[in-house]
Amino acid sequence: MTSVTISQARQGLSDIFDKVAFGRERIVVERRGKQRVAIVPIEDMEALEALEDKLDLELAVKALEEPGESVTLDELKAELGL
């Protein structure tokens, strides 16, 4: 993975864009010696979002399967002071 400073990124944004979009590179932008952001191909971002959605769904299904205490809306309002 390539790293560039924020100054280098500003000066070479067009080249960085080409490397990421067409060369499928991932580029990390640093500021004051610390990694701050990553520029990644759109396909990588879409894959990450799909993975996050899958994990969220798995957690939701697991939460629905766990036994829990049922409360009425009135009980919930009373508990929350509404």
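Within region 23-82, being in contact (Cβ under 8 Å) with a residue 12 or more places away in the chain and acidic (Asp, Glu) holds for 25, 30, 43, 44. Looking only at region 8-58, residues that are within 14 Å of the chain's Cα centre (by Cα), among the aliphatic types (A, V, I, L, M) and loosely packed, with under 14 Cβ neighbours inside 10 Å come to 8 in all. Candidates 79, 49: the one that is assigned to a helix (DSSP H, G or I) and farther than 30 Å from residue 17 by Cβ is 79. For region 59-79, how many residues are exposed (fewer than 10 other Cβ atoms within 10 Å of the Cβ), among the small types (Gly, Ala, Ser) and within 27 Å of the chain's Cα centre (by Cα)? Residues in region 59-79 being exposed (fewer than 10 other Cβ atoms within 10 Å of the Cβ), among the small types (Gly, Ala, Ser) and within 27 Å of the chain's Cα centre (by Cα): 1 in total.
Here, each number is a calculation from the coordinates, and none is a lab measurement. This structure is a prediction, so every number in the text was calculated from the model and none was measured. For neighbour counting, all protein chains shown are included, and Cβ atoms are generated from backbone atoms with ideal geometry for every residue, glycine included.
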